[in-house]
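The values are calculated or read from the model by the stated rules, or taken from the named source; none is laboratory data. Keep in mind it's a predicted model, so treat the numbers as computed, not measured. Ideal geometry is used to build each Cβ from the backbone, glycine not excepted, and the neighbour counts take in all protein chains shown. These accessible areas exclude ligands, DNA and RNA; they are computed on the full protein's heavy atoms, side chains included. Shrake-Rupley method; radii C 1.70, N 1.55, O 1.52, S 1.80 Å.
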Amino acid sequence: MSQMEHTGFWQAVAEFAFMRQALAAAIIVGGLCSVLSVYVVLRRMAFIGNGISHAAFGGIALGLLLFGSDATSSLATSLVTAAFCLAVAVAIGLVSQHERLSPDSAIGIFFAFSMALGVFLVGLRKLYTADLMTYLFGSILAVTRDDLILMTALAALIMGFVALSYKELIYYSFDPHMAWASGLSATFFHYALLTMLALTIVASVKVVGVVLVSAFLVIPGATARLICVRFGTMMAVAVVFGILSAFLGLYTSHLWNVPTGATIVITQFLGFGVAWLVAAKRD
Amino acid sequence: MNGSHTDNSAAPVVQVDHVDFAWDGAEVLADCNLEVLAGQFLGLLGPNGGGKTTLIRLILGELVPDRGQVLVLGREAHRLGRERRLVGYVPQRERAEANFPATALDTVVMGTFSSLGYGRRVGHAQREAAVRILELMGIPHVADKPLRQLSGGQQQRVFVARALVSQPRLLLVDEPTVGMDVGGQESFFKELKALQEELQMTVVMATHDMGHIRHVASWLACVSRQIHWHRPSEELTEEELDQACELGAYHRHVKTHHGGQKEN
């Protein structure tokens, strides 16, 4: 952002298409991740979110290897990453259904394998590592029009499913066993949540990166949980918090010329700290 | 959601037919036979580890018998699918944490989701039904309280209310009074009996609380690896009731003297 150091935030948004795309991307990703974070927190899926987001690294390396790293191949890379994350999510789901393995073992295994595969593929073809750095820590200014279209489509798909399955997802998050006993398909919602998680990570990874996206998938939900006693308000507070922190993070990163993904995570962390103090004082 | 539960008043709701079940090769139930007719309140007695919970979970369809079959409403229990909404279930201890962001009323309303159908929103009718069940359970005043602010007994009543709100034809209850005080236990059994009669439900309840269950259940059965007896409660002799206790003492004896290994 060095060329814009003297430009105000709104002026930059008015002048530059990439700034408008960055703002739209931050808001979409901030909102989408916050919706998922509610289920991640209630279903204790923080570690699996972490596992799938790191799996995205393997998928991205595979995509870059297959399609190269120019702007036109960005959509193809995203699709390969989505397929890879989905496969890992399903594999974690299947392996963790084995009686003798706990889910965290399955996650730990696939997490490490996917990262290793990514590094292996990078080494194999001597890929230009700057591209991978973009995916590891995110680069919101590199978000293209195609990326934004993909993000919007994925967000619409996921929000639509969440709206349709709102009550079923509540019961499943509360108690999968009792949801099953009442006649709902717990297996379906188990895989539906994993799929949504994988797709959300794919939609977000270019903005925040593989390493930081798991924070987006935990902090808004955890913050809302601290101050809310009902599911509906928890969801609303998480989404407002996610969008607001994404905007504030982008604004601050522009002001101080620092990486956006990291700034949003720090903003969210500060918000979480405030909520924690409020909750501690109230209880 | 209404009416259908009054049909077939004498048809068997539960049929357990020559059922064997083993956990990791250790036999828990062997050649069990049991029939529960519509409108019956069956109490399952027997020692801890005798297979009461396993039998409940077989009827629920969560477990599949190694041999024989379990029929619920004429269909194999583990293949009920969406018809599972006709079966209410209250587990021994709720696995969900009471920390979930929901009030007592929110929790009871969850019981209506399955019969409401996919994509449909909860409306006035569902909330009314939930309020009414909370009234029948004697806890209307906790409706708007978060779950975690409720006592163990109140939480258990909320979970029973959730199982009942969709008016199931069969209610399965596993050791409901664990964690309740004595006064709470007595009123709980009375309320459940009144509800069972009002909703004309069939109830199967596993309990070790012989003092209360014999006054509430119309039938009793003693489960300890097998169904030792299964008879109307008024016909039972004191000796038969004692047998359920003695089997418990026998099990404890075997566990103490054989390093905790199962006796089969």
Distance between modelled label sites at residue A:16 and residue A:269, nm, 7 Å Cα→Cβ extension = 2.6 nm
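By accessible area of protein heavy atoms, probe 1.4 Å, what ranking do A:248, A:136 get, highest first? Don't skip to the end; give the middle numbers.
Working: A:248 80, A:136 30 Å².
I get A:248, A:136, largest accessible area first.
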For region A:135-163 and region B:60-90, compute the distance between their C-alpha centroids and round to whole Å.
-> 43 Å
Kirkwood-based Rg/Rh on the Cα set of region A:2-282 evaluates to 0.97
Kindly state, to the nearest 0.05, the FRET efficiency for residue B:11 paired with residue A:67, given R0 = 51 Å and r defined as their beta-carbon distance.
-> 0.20
Sequence neighbours fewer than 8 away in the same chain don't count; with that in mind, list the aspartates and glutamates whose C-alpha is under 18 Å from residue A:126.
-> A:70
Connecting every pair of Cα atoms under 10 Å apart in chain B and solving the GNM, the largest mean-square fluctuation among B:11, B:143, B:125 falls on B:125
Based on the inverse mean of 1/r over its pairs of different Cα atoms, what is the Kirkwood hydrodynamic radius of region A:98-215, in Å?
-> 16.8 Å
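How much area per residue is accessible in the protein assembly as shown when the probe is 1.4 Å and only protein heavy atoms are counted (Å²)? Numbers along the way, then the final one.
Working: 23880 Å² over 547 residues.
With all protein chains present, the protein assembly as shown gives 44 Å² per residue.
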Between residue B:215 and residue B:124, what is the label-to-label distance in nm when each label sits 7 Å out along the Cα-to-Cβ direction?
-> 4.2 nm
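Kindly state, to the nearest 0.05, the FRET efficiency for residue A:164 paired with residue B:92, given R0 = 45 Å and r defined as their beta-carbon distance. Could you put the intermediate results ahead of the total?
On the way: r = 33 Å, r/R0 = 0.74.
Once the sixth-power term is evaluated, E becomes 0.85.
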What total accessible surface area, summed over both chains, is buried at the interface between chains A and B, computed with a 1.4 Å probe and given in Å² to the nearest 100?
-> 2700 Å²
Förster radius 56 Å - calculated FRET efficiency between residue B:238 and residue A:191 (Cβ-Cβ, nearest 0.05) | 0.55
Computed, not fitted: 222 nm per-residue ellipticity of chain A from DSSP H runs ≥ 4 (each -39500 (n - 2.57)), nearest 500, equal to -28000 deg cm²/dmol
Given the options B:167, B:149, B:196, which has the most mean-square fluctuation in a GNM of chain B, springs set between C-alpha atoms less than 10 angstrom apart?
-> B:149
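Using the Kyte-Doolittle scale, find the helices of chain A whose mean hydropathy is at least 0.0 and whose Cα atoms extend 24 Å or more along the helix's long axis, counting only whole DSSP H runs.
On the way: long enough: A:17-42 (38 Å, 1.91); A:46-67 (31 Å, 1.58); A:74-95 (31 Å, 2.24); A:103-125 (33 Å, 1.52); A:145-164 (28 Å, 1.67); A:186-216 (31 Å, 1.93); A:231-256 (37 Å, 1.55); A:260-282 (33 Å, 1.13).
Sorted by number, the helices that extend far enough and score high enough are A:17-42, A:46-67, A:74-95, A:103-125, A:145-164, A:186-216, A:231-256, A:260-282.
Helix-only estimate, please: 222 nm mean residue ellipticity of chain B, summing -39500 (n - 2.57) across DSSP H runs of length 4 or more and dividing by its residues, to the nearest 500.
Values: 8 runs with 90 residues, N = 264.
My calculation for chain B gives -10500 deg cm²/dmol from helical runs alone.
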In a Gaussian network model over chain A where Cα atoms closer than 10 Å are linked, find which of A:159, A:45, A:178 has the largest mean-square fluctuation.
-> A:178
Could you state how much accessible area residue A:15 has, in square angstrom rounded to the nearest 10, with a 1.4 Å probe and all protein chains kept in place?
-> 110 Å²
Region A:102-155: which trypsin sites (Lys or Arg not before Pro) are DSSP loop and have at most 13 other beta-carbon atoms within 10 angstrom?
-> A:126
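Counting only other chains, what is the mean number of Cβ atoms within 10 angstrom of the Cβ of each residue in peptide B:118-127?
Per residue, the average neighbour count from other chains is 2.
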Any idea how far apart residue A:177 and residue B:27 come out in nm if each label point goes 7 Å out from Cα toward Cβ?
-> 2.7 nm
